[in-house]
1. Which ones in region 59-89 are within 13 Å of the chain's Cα centre (by Cα), closer than 21 Å to D14 by Cα and surrounded by 12 or more Cβ atoms within 10 Å (Cβ to Cβ)?
2. Return the pairs, sorted by first residue and then second, in which the second residue is at pLDDT 85 or above and not charged (D, E, K, R), the first residue lies in region 1-25 and is open to solvent by 100 Å² or more (accessible area, probe 1.4 Å), the beta carbons are less than 7 Å apart, and the residues are 6+ apart or on different chains.
3. For V48, which of the numbered conditions (1) open to solvent by less than 50 Å² (accessible area, probe 1.4 Å); (2) among the aliphatic types (A, V, I, L, M); (3) part of a loop (DSSP other than H, G, I, E, B) fails to hold?
4. What pairs can you find where one residue is in region 64-90 and farther than 11 Å from L27 by Cβ, the other is among the basic types (K, R) and at pLDDT below 90, and their Cβ atoms are less than 7 Å apart, with a gap of 6+ or different chains?
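The values are calculated or read from the model by the stated rules, or taken from the named source; none is laboratory data. From a predicted model like this one, the values you see are computed outputs, not experimental measurements. Please note: Cβ atoms are built from the backbone with ideal geometry, for glycine as well, and neighbour counts cover all protein chains shown. Surface areas here come from the heavy atoms of the whole protein model, side chains and all, with no ligands, DNA or RNA. Shrake-Rupley method; radii C 1.70, N 1.55, O 1.52, S 1.80 Å.
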Amino acid sequence: MADIAQSRHAVAADIEKMERLWNDAILRRDVDSAASILAPEYKLVIGVEGQSLQVISRELWLSVLPRYVIHSHDITDMHVSIWDNLAVVTLAIT
């Protein structure tokens with residue numbers, strides 16, 4: 001069991017690293033870097049309190065990235081959930 005837990009922890013750490021690289025690509029508005037990180041089936045799901053979830057396709061996200069200006073952001077919390085070959089990352093960003 002300890003080996004499985006260590007393996008899951010290592011995978012979660014790799015995913016957290018990739019999430020940070022992806023967020024850095026967003027800050028730089030680097031479409032090529034962002035595209036190289038995102039899986040073909042990627043979707044961005046945005047939750048804003050009091051509003052319905054917004055689901056944005058990979059293609060749409062990459063097409064607007066050059067015009068998406070963020071001066072700074074801070075990842076205040078990150079949680080990685082892993083099931084077999086699927087991982088879901090939940091972020092709190094300010």
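1. Within region 59-89, I75, M78, V80, A87, V89 qualify.
2. These pairs meet every condition: R8/I82.
3. (1)
4. I82/R8
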